[in-house]
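Notes follow once the structure below has been shown.
The values are calculated or read from the model by the stated rules, or taken from the named source; none is laboratory data. Everything numeric in this text was worked out from a predicted model, so none of it was measured. Counting neighbours? That spans all protein chains shown, and the Cβs are built from the backbone with ideal geometry, glycine included. Ligands, DNA and RNA are excluded from the accessible area calculation, which covers all protein heavy atoms including side chains. Shrake-Rupley method; radii C 1.70, N 1.55, O 1.52, S 1.80 Å.
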Amino acid sequence: MNKVIYFTDINQLPKAITHFNIQEFANKKIPLKLHMGEKNNQYFPRSTEVQHAIDVLKNHHAQPFLYDTTVAYSGLRHNKNTYKELAETHGFSQQATGCPIIIDDTGQDIHIQGRQYTVADQLIQATHIFAWSHVKGHVATGMGGAIKNFGMGGVTKETKLDMHHKSRPLFHKDNCTYCNICAESCPFEALTVSNESWNKNNKACFGCGVCVDVCPYKALSNIDANLQYLIACAAFACVKDKKVIYLNDVNRIARNCDCDPSAGPLIAPDIGYLLGDDPVAIDQASLDLIYKNQPDLFKEKLHINPEKQITYGEQIGLGSSTYELITI
């Protein structure tokens, strides 16, 4: 059974990491995969806390570098150079952290479940990875954690756009009763239904799949597949055959993603940190701890079931949702 280590003080990370074979990371270049913050967002990982992971890796003779990929939407993180400049304002500079910062925007194709995902170059080259994933809500997937850190954050912007496109709704006119349930449920207000007319605003649609799920008449389907399924597959493409240690930062749990400049409000109290070597197990454990006092919180706030990515991840062999929680 997968071990997931739970602790509330980041100073306990050196003890937590001894539960895993950290010796294997020695003398290797290690991407420390994380989100280094969107402009005006308040909740992304704290550089002072990430420093603990850098120090632990160095103390075990690894050679870490802070790592992320460019994003598909416009802004400072769309470009490698401006993302690095933004990261520096958030405390993620080589001078401040003592290790290099690398932003990728090219990759190589990996095939998972019959689909192609372009995985970023540094992940392709790595044999060992450390992931720092901030757990929070997400308007298109319900939750962002370890699976999404790689499934969207480990691939090129072209693959990011492709996944959002392939998960958009496809309209089946003969089945539609124009009941308007899909439009009322859309978190992006991308659908308009009236008098036997159904319209989709592609610029507004994120492909979250809520409309497909709620339609009682099967008048909608994904163009290819559910977004959370595609993200789970992309995550598998990024970490397949690699040794990865995952840290989930379950604090500052905002309603929306770290990519959102106005991601608030906070919707749950701080939980602490989880450490494991299975992305499915660690995301399940994160959800379980959040839901312990606030059942179905993300589904209630965002109307999207985040457990789909966990279920899909288990189905395709990314990991297992069964775990043993060890508190230190």
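Overview of values
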quantity	calculated
All helices (runs of 4 or more DSSP H) inside region 88-191 with 2 or more residues being farther than 24 Å from Asp55 by Cβ and in contact with an Asp or Glu (Cβ under 9 Å, 6 or more places away or on another chain)	146-151, 157-166, 181-185
Every residue from region 115-155 that is open to solvent by less than 10 Å² (accessible area, probe 1.4 Å) and among the hydroxyl-bearing types (Ser, Thr, Tyr)	Tyr117, Ser133, Thr141
Asn175 open to solvent by 30 Å² or more (accessible area, probe 1.4 Å), free of Cβ contacts under 8 Å to residues at least 40 places away in the same chain and over 27 Å from Tyr43 (Cβ atoms)	no
Enumeration of residues in region 22-63 that are under 26 Å from Thr159 (Cα atoms), in a strand (DSSP E or B) and not aliphatic (A, V, I, L, M)	Lys29, Pro31, Lys33
Residue ID - surrounded by the most Cβ atoms within 10 Å (Cβ to Cβ), chosen from residues in region 61-114 that are polar (S, T, N, Q) and in contact (Cβ under 8 Å) with a residue 60 or more places away in the chain	Thr69
Matching strands (runs of 3 or more DSSP E) fully within region 193-306 where at least 3 residues are within 20 Å of Ala140 (Cβ to Cβ)	220-222, 266-268
Residue match in region 222-231 (condition: surrounded by fewer than 16 Cβ atoms within 10 Å (Cβ to Cβ) and at negative phi)	yes
Test set (1) closer than 26 Å to Ile271 by Cβ; (2) open to solvent by 10 Å² or more (accessible area, probe 1.4 Å); (3) under 23 Å from the mean Cα position of the chain (by Cα) - Asp55 fails condition number	(3)
Residue list for region 307-325, restricted to those being free of Cβ contacts under 8 Å to residues at least 40 places away in the same chain and assigned to a loop (DSSP other than H, G, I, E, B)	none
Which numbered condition Lys292 misses (of (1) in contact (Cβ under 8 Å) with a residue 12 or more places away in the chain; (2) within 13 Å of Leu325 (Cβ to Cβ))	(1)
Yes/no for Asp270 being within 25 Å of His52 (Cβ to Cβ), surrounded by fewer than 24 Cβ atoms within 10 Å (Cβ to Cβ) and among the acidic types (Asp, Glu)	yes
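Results for (1) modelled with pLDDT of 95 or more; (2) open to solvent by 20 Å² or more (accessible area, probe 1.4 Å); (3) hydrophobic (A, V, I, L, M, F, W, C), shown as yes or no for each residue.
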{"residue": "Val210", "(1), (2), (3)": "no, no, yes"}
{"residue": "Cys215", "(1), (2), (3)": "yes, yes, yes"}
{"residue": "Ala237", "(1), (2), (3)": "yes, no, yes"}
{"residue": "Ala254", "(1), (2), (3)": "yes, no, yes"}
